[in-house]
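Encoded as structure tokens, the structure appears first; notes follow it.
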Amino acid sequence: MKDWLKTAVFYEIYPQSFKDTNADGIGDFNGIIEKLDYIKSVGFNAIWLNPCYKSPFNDAGYDVTDYYTVAERYGTNEDLKRLFYEAHTRGMHIILDLVPGHTSLECEWFIQSQKATPNEYSGRYIWTDSVWTDVTGISGITGSYRGLSERDGSCAVNFFTCQPALNYGFAKVTEPWQSSMDSPEALQTRTAMIDVIKFWIGMGCDGFRVDMAGSLVKNDDEEQSATVRLWQEIFAEVKKHYPEAVFVSEWGEPDRALCAGFDMDFLLHFGSSHYMDLFRTDKPYFSYDGRGNLEEFFKSYLENLKKTMGNGYICIPSGNHDMERISRALDNEQIKLAFAFLMSMPGIPFVYYGDEIGMKYLKNIASVEGGYYRTGARTPMQWDTSSNCGFSAASPNKLYIAIDPDEGRPTVEEQMLDDTSVLNELKRIITVRHSCKELGSDSDFELISCGYPLLYRRGKKVLVAINPTQEEKTVECSAIASEIIYSYNGGAVLEDGKITVKPASVAYIRLEN
Ligand code: NOJ
């Protein structure tokens, strides 16, 4: 495992909304550079940047036109290189977002691929052999693009209609127009994507978050074994040249993703992880009324942990650009407890920009760049009380997405000055994680109870107790405390074979041998 990952705490930046330095209403690389010291001061030592390549932005940049050039709105390739450099001089790492499954309709590869005359790119995407033959009902394909090209065929798409699917082949070939995984055209697509990876790592990036990593090979089996093999082969090549590069998958199946060679995989709002039971169902575990249930979450988590131990990490995010924000169901006090949970779990925590101050999810706002409901979780970062909350000097009607109109909206500036803020609590919690090896990414995890309170042991020596409810909770617990490493809101008392956890509180307790 790469050494720096062992102590990594990631911050996800949606670049459009982070910090605008040229007053065009949209965030840029210089803005991120300006805020690196802030990011570091909270305790984050690694950053994941959502896609920043040239794109028509029909899906916020997850529709890439040119994998080798950044979008002008963010700056130049040189600016991005400088961002890598500035991060590295601060001991931080940056990973980019790789979108290997599809491109935009404007990508030169797709333009060439649509031509009736066969050319180098004819097999780069998944095409049927006639426009009258559609690509329905195939796993990994969400629809098709038909009747708009000179070429006689239907092209598979991966997500929105504007995202034609790149051709990595089919696990089971059942039609003449389908390529096998080892066909020349599928291998060419693979090589093209490996070249993209090498290019950016050569420019100084530390790795990638990989979009829809589990769905590249179509018609795959239930276990996604062909896609697992594809990634193993890609990593065999990439890691020959860049053994230090790290990869985190948007897969949601850590067992498969780590076997495929990823260093880390996310628990997500889809897949089998029950991630949503933590903070986002109508009865989230982290709520005052104590009606949540983490049994299914931990059943899946513990199975995954057992299978992946030593091979890489499971990442539990506070949220991301595809989900309603954590603040949708939790208030600031509950968010603090949620952070105390995230920062005391094994694997690698990810915090979505703005969650560190409890920024609100804005319901029912107009969709921007294919965001739809996701737009409400992508509003500009709230830095201070100056105009546009310090996000941009543009006029408010030019902003990428409007600022949260609520006058009581949180800002970084105010929270820095308030010792009781979410931001300051998170800082304290991350400091504790960084200073206590038992709480780190690699040490053991033993679940003691997943009801109320939540109890688990880390590295055999540290007991974590969390009680999100408004009532004191007492349960049997034979451990003996030696030191309270961290507590919030009263914490817990461990005595006479029992632990009592105060209402809405948390404690990390070092145990006697
Ligand atoms: C997952 C990304 O996180 C999401 O934002 C995007 O719309 C789809 N993949 C398609 O690339």
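Bear in mind that the values in this text are calculations on the coordinates, not laboratory data. Model, not experiment: these values are computed from the prediction. Virtual Cβ from ideal backbone geometry, glycine too; neighbours counted across all protein chains shown.
Some notes on this structure:
- Solution diffusion estimate, µm²/s, Stokes-Einstein, segment 1-152, Kirkwood Rh from C-alpha pairs, 37 °C, viscosity 0.692 mPa s: 185 µm²/s
- Reachable lysines from Lys81, criterion Cα separation under 18 angstrom, eight or more residues apart if same chain: Lys19, Lys35, Lys54, Lys198
- Hydrodynamic radius by Kirkwood, which averages 1/r over all alpha carbon pairs of segment 445-511, in angstrom: 11.3 Å
- Charge-dipole axis of segment 1-40 as Lys and Arg at +1 and Asp and Glu at -1 on Cβ define it, positive-most pick from Phe10, Thr21, Gly31: Phe10
- Percent RCO, i.e. relative contact order, over segment 102-167, from Cα pairs under 8 Å lying at least 6 residues apart: 36 percent
- Only lysines eight or more places from Lys498 in sequence, or on another chain, were considered; those with a Cα closer than 16 Å are Lys473.
- Helix 77-89 vs. the chain, principal-axis angle (Cα, 0 to 90°, nearest 10): 30 degrees
- The alpha-carbon of Lys460 sits under 17 angstrom from the alpha-carbons of these lysines, leaving out residues fewer than 8 places away in its chain: Lys306, Lys437.
- With respect to the chain, whose longest principal axis is taken over its alpha-carbon atoms, helix 422-435 is tilted by about 90°.
- Put a plus charge on the Cβ of each Lys and Arg, a minus charge on the Cβ of each Asp and Glu, and nothing anywhere else: the dipole of segment 1-40 about its Cα centre is then about 280 debye.
- Its relative contact order, with pairs defined as Cα atoms under 8 Å and 6+ residues apart, puts the chain at 13 percent.
- Helix 225-241 vs. the chain, principal-axis angle (Cα, 0 to 90°, nearest 10): 90 degrees
- Contact order, relative form, for segment 194-255: 51 percent (alpha carbon pairs under 8 Å, 6 or more residues apart, mean separation divided by residue count).
- Dipole magnitude of the chain about its Cα centre (Cβ charges: Lys, Arg +1; Asp, Glu -1), debye to nearest 20: 640 debye
- Cβ-derived FRET efficiency at R0 51 Å, Asp406 paired with Val475, nearest 0.05: 0.85
- Shape category assigned to segment 102-167 from the gyration tensor of Cα positions, a/c cut at 1.5: oblate
- Between Gly147, Thr117, Leu305, the Cα set farthest toward the positive side of the dipole of the chain (charges on each charged residue's Cβ, about the Cα centre) is that of Leu305.
- When DSSP beta bridges are restricted to pairs lying wholly in the chain, around 60% turn out antiparallel.
- Remark on the chain: ratio of C-alpha radius of gyration to 2.2 N^0.38 Å is 0.99.
- Helix-only CD estimate at 222 nm, as mean residue ellipticity for the chain, using -39500 (n - 2.57) per DSSP H run (n ≥ 4): -7000 deg cm²/dmol
- Under the convention that each Lys and Arg Cβ holds +1 and each Asp and Glu Cβ holds -1, the size of the dipole of segment 102-167 around its Cα centre is about 80 debye.
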